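We did not get these values from a lab; they are worked out from the coordinates using the rules stated. What you are looking at is a predicted structure, and each value in this text was computed from that prediction instead of being measured. Because the Cβ atoms are built from the backbone with ideal geometry, glycine has one as well, and the counts that use them run over all protein chains shown.
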Amino acid sequence: MLEKSATGGKDVLLVVDVQNDFCSGGRLAVPRGEEVVPVINELARQFEHVVLTQDWHPAGHHSFASSHPGKKPYETVELAYGTQILWPDHCIQDTDGARLHGELRIPHAELVLRKGYHREIDSYSAFYENDHTTHTGLAGYLRERAFERVYIAGLAFDFCVRFSAEDAKREGFEVAVVENVCRGIDIEGSLRVTRQTFETLGIRCV
Ligand code: VGL
Ligand code: ZN
């Protein structure tokens, strides 16, 4: 666990997608996803500043296999911005699956950032959509608030946590992924690739 002294005014904890659909019984359940909830609650108490993200798709989102006749979840398609993995329908706006996990207790969280709301573009990263050009506004928000170091925890380690960490680094923040408070999906070696990429980019796992 981090020491309180490690979490000064320049530090922010980014809690990624701790939503019902990514936990057991959800529509895109990350194995043992709900295990992170009590640990994140505890971790968040050590941070003065916390930002949450929420995957938030309109029905018929282009990342859903159901939007592509003949396609099944976990197959891929080529979209305008490149290869997209197709997912089961998940985190549809204003459904129970899209709600933050009921036992998440972070009353002092300062921002809930929603992403993935453009029907044609998926958004794994909290900073950029999957076309790598459309901003979510988070980098500007964090800079305006003068944060320098971003700690990242949540779901899924090898998708939204991974791409948020990479983009945070590219945006010039110091980044640390709190790995014991993440869980992964692991599709076709995605966990391994994530660890490799973190090492190459110098993203710390703490
Ligand atoms: C996520 C796949 C699709 C995630 C979101 O939160 O990691 N993964 N949408
Ligand atoms: Zn999604």
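To one decimal place, what Kirkwood hydrodynamic radius in Å is obtained for the range 44-154 from all pairs of distinct Cα atoms?
About 15.4 Å for the range 44-154.
Using only C-alpha positions, report the orientation-averaged shadow area of the convex hull of the range 121-204, nm², one decimal. Before the final figure, lay out each step's value.
On the way: hull surface 21.1 nm².
In nm², the orientation-averaged hull projection of the range 121-204 is 5.3.
Which order do CYS205, CYS91 fall in if you start with the one that has the fewest other Cβ atoms within 10 Å?
Details: CYS205 17, CYS91 26.
The order, fewest Cβ neighbours first, is CYS205, CYS91.
Can you give me the P(r) profile for the range 9-81? Cα pairs, bins 5 angstrom wide beginning at 0, each as a whole percent.
3, 13, 18, 19, 15, 12, 9, 7, 3, 1, 0
For the range 1-99, state which trypsin sites (Lys or Arg not before Pro) are in a DSSP loop and have at most 16 other beta carbons lying within 10 Å of their beta carbon.
Working: sites: LYS4, LYS10, ARG27, ARG32, ARG45, LYS71, ARG99; in loops: LYS10, ARG27, ARG32, ARG45, LYS71, ARG99.
Listed in order of number, the matching sites are LYS10, ARG32, ARG45, LYS71, ARG99.
Within a 10 angstrom radius of the beta carbon, how do TRP87, TRP56 rank from fewest other beta carbons to most?
Details: TRP87 23, TRP56 20.
Taking fewest neighbouring Cβ atoms as first place, the list is TRP56, TRP87.
Between the range 29-59 and the range 129-206, how many Å separate their Cα centres?
14 Å
Using just the helices of the chain, give the 222 nm mean residue ellipticity in deg cm²/dmol: DSSP H runs with n ≥ 4 each add -39,500 (n - 2.57), and the total is spread over all residues, rounded to 500.
Details: 4 runs with 37 residues, N = 206.
Result for the chain: -5000 deg cm²/dmol, rounded to the nearest 500.
Provide the gained length on full extension for the span TYR117 to ARG99, in nm with one decimal, where the gain is 0.36 nm per separating residue minus the Cα-Cα distance. The partial results should precede the final answer.
Values: separation 18, 0.36 × 18 = 6.48 nm, distance 1.46 nm.
The span from TYR117 to ARG99 would gain 5.0 nm if fully extended.
If you stretched the chain out fully between TYR141 and GLU42, how much longer would it get, using 0.36 nm times the residue separation minus the C-alpha to C-alpha distance? Each step should come with its number before you reach the end.
Details: separation 99, 0.36 × 99 = 35.64 nm, distance 2.47 nm.
Value of the extension gain: 33.2 nm.
In debye, nearest 20, what is the charge dipole magnitude of the chain about its Cα centre with +1 on Lys and Arg Cβ and -1 on Asp and Glu Cβ, if you could check? All intermediate terms of the calculation are to be shown ahead of the outcome.
Values: 22 positive and 31 negative charges, 42 e Å.
Around 200 debye, computed over the chain.
If only Cα atoms are counted, what is the Rg of the chain, and what is its Dmax, in Å?
When restricted to the Cα atoms of the chain, Rg and Dmax are 15.9, 53 Å.
What is the gain in length, in nm to one decimal, between SER66 and HIS108 on full extension, counting 0.36 nm per residue of separation less the C-alpha to C-alpha distance? Spell out each step's value before the answer.
Details: separation 42, 0.36 × 42 = 15.12 nm, distance 3.71 nm.
That pair, SER66 and HIS108, stretches by 11.4 nm at full extension.
Count of lysine pairs in the chain with Cα atoms under 27 Å apart, counting only pairs 8 or more residues apart in sequence or on different chains?
Values: LYS4/LYS169; LYS10/LYS115; LYS10/LYS169; LYS71/LYS115; LYS72/LYS115; LYS115/LYS169.
Taking the chain as the scope, the lysine pair count is 6.
Please go through the range 97-206 and write out the GluC sites (Glu not before Pro) that DSSP classes as loop and that have at most 14 other C-beta atoms within 10 Å. Intermediate results must be reported in sequence, preceding the final value.
Numbers: sites: GLU103, GLU110, GLU120, GLU129, GLU144, GLU148, GLU166, GLU171, GLU174, GLU179, GLU188, GLU199; in loops: GLU103, GLU110, GLU120, GLU129, GLU148, GLU171, GLU188.
The qualifying sites are GLU103, GLU110, GLU120, GLU148, GLU188.
Show me the trypsin sites (Lys or Arg not before Pro) within the range 101-173 that DSSP assigns to loop and that have at most 16 other Cβ atoms within 10 Å of their Cβ.
Working: sites: ARG105, ARG114, LYS115, ARG119, ARG143, ARG145, ARG149, ARG162, LYS169, ARG170; in loops: ARG105, ARG119, ARG145.
Sites meeting the loop and neighbour criteria: ARG105, ARG119, ARG145.
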